[in-house]
Amino acid sequence: MEVIEAIVIADADGKDPAAPSSVDSDKTKAEFIWTLQATWHLVNTRLEMDQAFDQPVCKKKKLWEVVAEKVNAKLRESGVTGITVKAYECDLKWRNMLATYRKNTDRARRLGVASVHWEFFKAMHDVLGKSREEIEAQRQAKLSGTRVGKAIASKRFTPILPTPSATAAACISRPPQDILQLYMELQERKLNMWSQQKALEERKIEAINNLAQAIASLAQTNSPQTSKDGH
């Protein structure tokens, strides 16, 4: 039995976790340990709020704070007290799980769903793996039993719908595989940007260390000369 897992090493802001800062020092004081129960709470909460996260204009930081509050509430209901999960920890854990989900999605496409044994795959795929056609079909099914849906079905009026933009039309015309591929490419670009930023921060730290060593060496060199001048 093979389970594919992946880990994305980055904090919620995409910065190097090893970079020294007062914020990072506070974060490491009480690091949250992701148990299986806590991970399931995160997955269920994040999937329930998937539509909110998919909105074109939304404040992700605020949404992750809501996610953290709901996860902490569920943990307290389960009897877990003494430590709480923070918004940035939920964000980072979800990024890691998305990376694992994408790898298992590729495996399922190549070898079949039966080859995937990751316990969170089905729950995530039921929400993240839906095509636009499936989502629209579910929306129509919910609407069919309402008064508005019956009026549309009987053609009592012609609803005025907004004209989709060229970008939206291009997205709708794409098959689900292309949309998933585009999503994966965007995520890969983000990871590349984080890697570049991490490398830049490491170079900055190395330059600072080299400068400090040079200053210390210069001070040691000047010290004997100062003593000679004093005599």
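Considered as a group, the residues in the range 156-185 that are modelled with pLDDT of 70 or more and open to solvent by 80 Å² or more (accessible area, probe 1.4 Å) include one that is farthest from R107 (Cα to Cα), and that residue is Y183. Kindly evaluate K15 against the criterion of being surrounded by 11 or more Cβ atoms within 10 Å (Cβ to Cβ), within 17 Å of G82 (Cα to Cα) and at pLDDT below 90. For K15, the condition - surrounded by 11 or more Cβ atoms within 10 Å (Cβ to Cβ), within 17 Å of G82 (Cα to Cα) and at pLDDT below 90 - is not met.
A single entry from A52, A99, A68, A38 fulfils the requirement of being over 16 Å from the mean Cα position of the chain (by Cα) and either modelled with pLDDT of 95 or more or not in a loop (DSSP other than H, G, I, E, B) (or both): A38.
For the range 75-96, a residue qualifies if it is within 15 Å of the chain's Cα centre (by Cα) and not polar (S, T, N, Q), and the qualifying residues are K86, A87, Y88, E89, C90, D91, L92, K93, W94, R95. Being among the hydroxyl-bearing types (S, T, Y) and open to solvent by 20 Å² or more (accessible area, probe 1.4 Å) is the filter; apply it to the range 62-106 and report the residue that is farthest from M184 (Cα to Cα). Of everything passing the filter in the range 62-106, T81 is farthest from M184 (Cα to Cα). The set of residues in the range 75-93 being at pLDDT below 95, within 12 Å of T39 (Cα to Cα) and basic (K, R) is empty.
For the range 175-207, filtering for residues that are outside any helix (DSSP H, G or I) and touching a Leu at 6+ places or on another chain (Cβ under 9 Å) leaves 0.
The values are calculated or read from the model by the stated rules, or taken from the named source; none is laboratory data. As the structure is a prediction and not an experimental result, all values here were calculated from the model. For neighbour counting, all protein chains shown are included, and Cβ atoms are generated from backbone atoms with ideal geometry for every residue, glycine included. For the accessible areas, the whole protein counts, side chains as well, though only heavy atoms, and no ligand, DNA or RNA atoms are used. Shrake-Rupley method; radii C 1.70, N 1.55, O 1.52, S 1.80 Å.
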